[in-house]
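A.B. asks: Would you mind keeping the following structure in view while I ask a few things?
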Amino acid sequence: MSKLIDFVITSIKVSLTGSRKYYAWLASLLIIVLFGAFSYYYQLKYGLIITDIRDQVSWGSYIANFTFLVGVAAAAVMIVLPAYIYNYKEFKHITIFGELLAVGALIMCLSFVLVDLGRIDRMLHILPFTGTPNWPQSMLTWDVIVLNGYLFLNLLIPGYLLYKAYVREPPRKWIRIFILISIPWAISIHTVTAFLYGGLAARPFWNTAVMAPRFLASAFTAGPALMIIILQIVRRYTCIGKPGCRLVVTDRALFTLAHIALISMLVNLFFLGSEIYTVGYAATSHLAPLKYLFFGLEHNGVTYAKLKPYMWAAITMEIIAAILLLFPKTRKNFTTLNIACIFAFLGIWTEKGMGLIIPGFIPTPIGEIWEYYPTLMEIMITLAVWALGFLVYTLLLKVAIAIEAEEVVHPSAKDKEMPEMH
Amino acid sequence: MVDESRRDFLKKAAAGATAAVIPFANVRIPVIDVTLEEFFQKHYKEMSEEEKQRVIERLKKEYKEKYGIDATIKTTEAREGVVWGYALNIQKCIGCRRCVYACMRENNQSRASPTDPTKSEIQWIRVLEIEKFKIHPGEEGKDFRTRFGEIIAGVNLEENEHYYNPEHVPEEDKFYVPIQCQQCERPPCVKVCPTKATWKEPDGIIVVDYNWCIGCRFCLAACPYWARRFNWSDPYLPKEEINPNMHYLGNRIRMRGVVEKCTFCIQRTREGRYPACVEACPVGARKFGNLLDPESDVRKVLEKKRVFRLKEELGTQPKFFYFMD
């Protein structure tokens, strides 16, 4: 027990000490969080009126970002699965970065859901004992279960392994069970999130069976793309890969991630194409939201097309990313690889964030067209949640790297060898 | 008998106990502006009669302080053997929107504030103006079209105008379709609600416990009739426009961050009166009654007229029927 307390205290110390650059990074994230907190204070005081969400478009930036980030969280499985199931050695060192990214992403997901609530004071009504969860009827109650469960798994697994590394003891077998559970669990979080929308017959744009598969495919593109960028940053600014450091992030690991992103992107584009074909060829009234998205909707002489430029930009970026990832020459060149990753990430963020949530509401089920565009305060809150997630991720990464690179160790275990971790 | 009174006693004892365990019940949590008593309030269906009365007393006091009115808040329950149904004659409807405003006066929806742009009007009834028919002439041979072209006619939920504002209604080439909560037998809004804050009463009315709703707006996304409204800010209600005759599950004054909707005027219909929209209609297009009573207005419409319901293909089974003479 005293070892565990020491582990926690050391972790806090390590996460709060660093270079000047490290402090500058933390401070800038904190400032964004504070700006958002200031806006959120107004939202609490005056209501969601400070956003541009209205009865016609009743979810906006918050839920769009939530949806996207569930995918980022789920994508950790793309590292865990090859590492543990196929024993892929290149991924052994980076699984923890994936799992901790999932933690950061989940913090953002849960925060986005909370800031979207009209009555945050009543959030406990969704839980058993303190409330009356409408389980199993409401998909939102399922989402509460799977998201919190996944958060628990991704805190437990890296937390336990880091603790064992810190005290230089080989991890017990039971942790493997949790690791194995985390694989289907990752799939479940994004499936349930897709079912939130897919189950609504009132919204033909969402009411499609391809929703969950498409969510997974796009998640497994955006997640690895983000990982590739993060791993390069971490490799540059920490001891990783430097002489005397036992931690490495190999180019091969990054290229494998790029390969995963490529295949997922192709599958994603295929699903998107299938959806566009089915809706477009049948050309029923269900076509309207898709028309709004890509061409704008004309209604009584006015054309509504606020999302059109974003959507075309997103599709263009996704196709460029797919092409850059497709050819080994550009996939294995870091300049073009990074462009591909940034494009893939931004493209999917647009396409399955705002590009998925907003058109679901346009036109309304009884034919009104009302365009949504986030307000400044709403954008500040959105940015703050992102900053909060990255803040948590940074602090966790700092601890993970310090322990795995043997910078810190429990005093009683100083002379012991680092045990085989996985 | 003995058992019942015993249970009653236990209930009373439990109510007393819960009332006692909340110390500082009147302390207000800043910013979100709720008292501890409100914070710990139970789901409506889980409250005993005493607890309900306690909450009602609190609300009355609050309305008195905030709006300066003396309200009565009833909890009249559904009558045995009653399932409410509605029938609307779209041939008679002239699109005057008197129902819309009668509904607002009756149900205490937020008004637009003359000074504060964040306070906007909430309406539960939306009247669609639809052109009787529209022909887009075609060119022979082009796009598989004939010279006649395309025609749009009938109750079209996509090609319509929500904000029509002519000098006089009805206009010659238009007809009107008012839409409000269709009180579905299989309500998708109830299915998706994560906290059971909205449910179907025994008389078929879908109600909301405004003090239990968390404001996630999943029900707004699930409703195929766009019948639910959200309080984006605290409602604005001038004292003289408030209807003091309230029902807990109906027209009592709402707070910011919760969902509201048409309840077929539960505060009226459960006391044997017609909904406000039925009374307000100048042409008698709106019929209301007990679907289980063969002599009711609505049953007579079902028997004598050809009726249809909106979006039957979704399987929601509305208890709101449209018909023509």
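The values are calculated or read from the model by the stated rules, or taken from the named source; none is laboratory data. Owing to the predicted nature of the structure, the values given are computational and were not obtained by experimental measurement. For neighbour counting, all protein chains shown are included, and Cβ atoms are generated from backbone atoms with ideal geometry for every residue, glycine included.
A.B. asks: Within the set of pairs 6 or more residues apart or between chains, which connect a residue that is closer than 18 Å to residue B:297 by Cα inside region B:86-112 to a residue that is of a type in the set (S, T, N, Q) with Cβ atoms less than 9 Å apart?
C.D. replies: Partner pairs satisfying both residue conditions: B:86/B:180; B:86/B:182; B:86/B:183.
A.B. asks: Quick check on this structure: which one of A:106, A:100, A:124 is hydrophobic (A, V, I, L, M, F, W, C) and closer than 16 Å to residue B:193 by Cβ?
C.D. replies: Values: A:106 fails: closer than 16 Å to residue B:193 by Cβ; A:100 fails: closer than 16 Å to residue B:193 by Cβ.
Going through A:106, A:100, A:124 in turn, just one is hydrophobic (A, V, I, L, M, F, W, C) and closer than 16 Å to residue B:193 by Cβ: A:124.
A.B. asks: Same structure, new question: Can you tell me how many residues in region B:148-170 are in contact with a strand residue (DSSP E or B) (Cβ under 8 Å, 6 or more places away or on another chain) and farther than 17 Å from residue B:311 by Cα?
C.D. replies: So the count comes out to 10.
A.B. asks: How many residues, within region B:153-179, are within 11 Å of another protein chain (Cβ to nearest Cβ) and in contact with a Phe, Trp or Tyr (Cβ under 8 Å, 6 or more places away or on another chain)? Spell out how you get there, then give the answer.
C.D. replies: Pass one, region B:153-179, residues within 11 Å of another protein chain (Cβ to nearest Cβ): B:155-164, B:177-179.
Of the ones still in play, those that are also in contact with a Phe, Trp or Tyr (Cβ under 8 Å, 6 or more places away or on another chain) are B:155, B:177, B:179.
Residues in region B:153-179 being within 11 Å of another protein chain (Cβ to nearest Cβ) and in contact with a Phe, Trp or Tyr (Cβ under 8 Å, 6 or more places away or on another chain): 3 in total.
A.B. asks: Take residue A:40 and decide whether it is within 14 Å of chain B (Cβ to nearest Cβ), surrounded by 24 or more Cβ atoms within 10 Å (Cβ to Cβ) and not acidic (Asp, Glu). Spell out the reasoning first.
C.D. replies: Working: within 14 Å of chain B (Cβ to nearest Cβ): yes; surrounded by 24 or more Cβ atoms within 10 Å (Cβ to Cβ): no; not acidic (Asp, Glu): yes.
So residue A:40 does not fit the description; no.
A.B. asks: Which numbered condition trips up residue A:251, out of (1) more than 25 Å from the chain's Cα centre (by Cα); (2) closer than 22 Å to residue A:344 by Cα?
C.D. replies: With respect to (1) more than 25 Å from the chain's Cα centre (by Cα); (2) closer than 22 Å to residue A:344 by Cα, residue A:251 is out only on (1).
A.B. asks: Restricting to region B:126-147, and then to whatever is within 14 Å of chain A (Cβ to nearest Cβ) and in contact with a strand residue (DSSP E or B) (Cβ under 8 Å, 6 or more places away or on another chain), can you tell me which residue is farthest from residue B:92 (Cα to Cα)? Please lay out each step first, then the result.
C.D. replies: Just the residues of region B:126-147 that are within 14 Å of chain A (Cβ to nearest Cβ), to begin with: B:126-131, B:134, B:136, B:143-144.
Checking which are in contact with a strand residue (DSSP E or B) (Cβ under 8 Å, 6 or more places away or on another chain) leaves us with B:126-131, B:134, B:136.
Numbers: B:126: 17, B:127: 13, B:128: 14, B:129: 13, B:130: 14, B:131: 15, B:134: 21, B:136: 27 Å.
Filtering region B:126-147 for residues that are within 14 Å of chain A (Cβ to nearest Cβ) and in contact with a strand residue (DSSP E or B) (Cβ under 8 Å, 6 or more places away or on another chain), the one farthest from residue B:92 (Cα to Cα) comes out as B:136.
A.B. asks: With more than 28 Å from residue A:105 (Cβ to Cβ) and surrounded by fewer than 19 Cβ atoms within 10 Å (Cβ to Cβ) as the only criterion, which of A:281, A:292, A:310, A:373 stands out?
C.D. replies: Details: A:292 fails: surrounded by fewer than 19 Cβ atoms within 10 Å (Cβ to Cβ); A:310 fails: more than 28 Å from residue A:105 (Cβ to Cβ); A:373 fails: more than 28 Å from residue A:105 (Cβ to Cβ).
After applying the criteria, what remains is A:281.
A.B. asks: For the structure I just gave you, tell me whether residue A:173 is basic (Lys, Arg), surrounded by fewer than 21 Cβ atoms within 10 Å (Cβ to Cβ), more than 13 Å from chain B (Cβ to nearest Cβ) and farther than 20 Å from residue A:86 by Cβ.
C.D. replies: Working: basic (Lys, Arg): yes; surrounded by fewer than 21 Cβ atoms within 10 Å (Cβ to Cβ): yes; more than 13 Å from chain B (Cβ to nearest Cβ): yes; farther than 20 Å from residue A:86 by Cβ: no.
No; evaluated as a whole, the condition is false for this residue.
A.B. asks: Oh, and also: Just need a number here: residues in region A:369-422 that are in contact with a Ser or Thr (Cβ under 6 Å, 6 or more places away or on another chain), within 15 Å of residue A:32 (Cα to Cα) and β-branched (Val, Ile, Thr).
C.D. replies: The number of residues fulfilling the criteria is 3.
A.B. asks: Then there is this: With respect to residue A:202, determine if the residue is surrounded by 21 or more Cβ atoms within 10 Å (Cβ to Cβ) and not in a loop (DSSP other than H, G, I, E, B).
C.D. replies: Values: surrounded by 21 or more Cβ atoms within 10 Å (Cβ to Cβ): yes; not in a loop (DSSP other than H, G, I, E, B): no.
Taking the combined requirement at face value, the residue does not satisfy it.
A.B. asks: Among the residues of region B:284-307 satisfying the criterion of being more than 21 Å from the chain's Cα centre (by Cα) and hydrophobic (A, V, I, L, M, F, W, C), which is farthest from residue B:158 (Cα to Cα)?
C.D. replies: By that ranking, first place goes to B:292.
A.B. asks: So which helices (runs of 4 or more DSSP H) are wholly in region A:305-422 and hold at least 3 residues that are away from chain B (no Cβ under 14 Å) and of a type in the set (Ser, Thr, Tyr)? Break it down stepwise before answering.
C.D. replies: Values: elements: A:308-326, A:328-331, A:334-352, A:354-357, A:376-404.
The helices (runs of 4 or more DSSP H) meeting that bar are A:334-352, A:376-404.
A.B. asks: Could you tell me which residue of region B:258-274 is farthest from the other protein chains (Cβ to nearest Cβ), considering only residues that are in contact (Cβ under 8 Å) with a residue 24 or more places away in the chain and in a loop (DSSP other than H, G, I, E, B)? Walk me through it before giving the result.
C.D. replies: Step one: filter region B:258-274 for residues in contact (Cβ under 8 Å) with a residue 24 or more places away in the chain, giving B:258-271.
If we keep only those that are in a loop (DSSP other than H, G, I, E, B) as well, we get B:258, B:262-265, B:270-271.
Working: B:258: 6, B:262: 14, B:263: 17, B:264: 19, B:265: 21, B:270: 24, B:271: 29 Å.
In this case the residue turns out to be B:271.
A.B. asks: Which one of these is under 22 Å from the mean Cα position of the chain (by Cα), over 30 Å from residue A:90 (Cβ atoms) and of a type in the set (Ser, Thr, Tyr): A:277, A:292, A:310, A:304? Can you show your working first?
C.D. replies: Details: A:277 fails: under 22 Å from the mean Cα position of the chain (by Cα); A:292 fails: under 22 Å from the mean Cα position of the chain (by Cα); A:304 fails: under 22 Å from the mean Cα position of the chain (by Cα).
Just a single option satisfies the conditions, and that option is A:310.
A.B. asks: Which condition number does residue B:324 fail, the rest of (1) over 20 Å from the mean Cα position of the chain (by Cα); (2) touching a residue at least 60 places away in the same chain (Cβ under 8 Å); (3) within 14 Å of chain A (Cβ to nearest Cβ) being met?
C.D. replies: Unmet for residue B:324, out of (1) over 20 Å from the mean Cα position of the chain (by Cα); (2) touching a residue at least 60 places away in the same chain (Cβ under 8 Å); (3) within 14 Å of chain A (Cβ to nearest Cβ): (3).
A.B. asks: Just for strands (runs of 3 or more DSSP E) wholly inside region B:205-254: which have at least 2 residues that are crowded, with 23+ Cβ neighbours inside 10 Å?
C.D. replies: Here the list reads B:206-208, B:228-230.
A.B. asks: Can you confirm whether region A:24-35 contains a residue that is within 14 Å of chain B (Cβ to nearest Cβ), out of contact with any Cys (no Cβ under 6 Å at 6 or more places or on another chain) and assigned to a helix (DSSP H, G or I)?
C.D. replies: Within region A:24-35, the first condition is being within 14 Å of chain B (Cβ to nearest Cβ), and the residues that meet it are none.
No: zero hits.
A.B. asks: Any idea how many residues of region B:37-61 are within 14 Å of chain A (Cβ to nearest Cβ), under 21 Å from residue A:47 (Cβ atoms) and either in contact with a helix residue (DSSP H, G or I) (Cβ under 6 Å, 6 or more places away or on another chain) or not in a loop (DSSP other than H, G, I, E, B) (or both)? Give the derivation first.
C.D. replies: The first filter runs over region B:37-61 and keeps only residues within 14 Å of chain A (Cβ to nearest Cβ), leaving B:37-47.
Filter once more, keeping what is under 21 Å from residue A:47 (Cβ atoms): B:38-39, B:41.
Checking which are either in contact with a helix residue (DSSP H, G or I) (Cβ under 6 Å, 6 or more places away or on another chain) or not in a loop (DSSP other than H, G, I, E, B) (or both) leaves us with B:38-39.
Qualifying residue count for the region: 2.
A.B. asks: Could you list all residues from region A:94-138 that are of a type in the set (S, T, N, Q) and assigned to a helix (DSSP H, G or I)?
C.D. replies: Let us first name the residues in region A:94-138 that are of a type in the set (S, T, N, Q), namely A:95, A:111, A:130, A:132, A:134, A:137-138.
Correct list: A:95, A:111.
A.B. asks: Follow-up question, since we're still on this one. Out of the residues in region B:218-259 that are within 24 Å of residue B:34 (Cα to Cα) and small (Gly, Ala, Ser), which is nearest to the chain's Cα centre (by Cα)?
C.D. replies: My answer is B:250.
A.B. asks: For the condition at pLDDT 95 or above, in contact with a Lys or Arg (Cβ under 6 Å, 6 or more places away or on another chain) and in a helix (DSSP H, G or I), what is the one hit in A:217, A:258, A:253? Steps first, answer last, please.
C.D. replies: Working: A:217 fails: in contact with a Lys or Arg (Cβ under 6 Å, 6 or more places away or on another chain); A:253 fails: in contact with a Lys or Arg (Cβ under 6 Å, 6 or more places away or on another chain).
From the options A:217, A:258, A:253, the qualifying one is A:258.
A.B. asks: Name the single residue, out of those in region B:228-241 being in contact (Cβ under 8 Å) with a residue 40 or more places away in the chain and within 9 Å of another protein chain (Cβ to nearest Cβ), that is nearest to residue B:60 (Cα to Cα). It would help to see each step written out before you state the result.
C.D. replies: Taking region B:228-241 as the starting set, the residues that turn out to be in contact (Cβ under 8 Å) with a residue 40 or more places away in the chain are B:228-229, B:231-239, B:241.
Pick out the ones that are also within 9 Å of another protein chain (Cβ to nearest Cβ) and you get B:228-229, B:231-234.
Working: B:228: 25, B:229: 24, B:231: 20, B:232: 23, B:233: 21, B:234: 17 Å.
So, considering only residues that are in contact (Cβ under 8 Å) with a residue 40 or more places away in the chain and within 9 Å of another protein chain (Cβ to nearest Cβ), the one nearest to residue B:60 (Cα to Cα) is B:234.
A.B. asks: Do we find that residue B:312 is within 18 Å of residue B:225 (Cα to Cα) and surrounded by 22 or more Cβ atoms within 10 Å (Cβ to Cβ) in this structure?
C.D. replies: Details: within 18 Å of residue B:225 (Cα to Cα): yes; surrounded by 22 or more Cβ atoms within 10 Å (Cβ to Cβ): no.
No; evaluated as a whole, the condition is false for this residue.
A.B. asks: Still on this structure: I want to confirm something. Restricting to region B:208-227 and keeping residues that are more than 23 Å from residue A:365 (Cβ to Cβ) and either in contact (Cβ under 8 Å) with a residue 60 or more places away in the chain or charged (D, E, K, R) (or both), which single residue is nearest to the other protein chains (Cβ to nearest Cβ)?
C.D. replies: Checking each candidate, the answer is B:212.
A.B. asks: Restricting to region B:126-146, what's the tally of residues that are under 26 Å from the mean Cα position of the chain (by Cα) and in a loop (DSSP other than H, G, I, E, B)?
C.D. replies: Step one: list which residues in region B:126-146 are under 26 Å from the mean Cα position of the chain (by Cα), which gives B:126-130.
Those still in the list that are in a loop (DSSP other than H, G, I, E, B) too: none.
Counting residues in region B:126-146 that are under 26 Å from the mean Cα position of the chain (by Cα) and in a loop (DSSP other than H, G, I, E, B) gives 0.
Conditions tested, residue by residue: (1) in a loop (DSSP other than H, G, I, E, B); (2) farther than 30 Å from residue B:251 by Cα.
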{"position": "B:100", "(1), (2)": "no, no"}
{"position": "B:103", "(1), (2)": "no, no"}
{"position": "B:121", "(1), (2)": "yes, no"}
{"position": "B:148", "(1), (2)": "yes, yes"}
{"position": "B:151", "(1), (2)": "no, yes"}
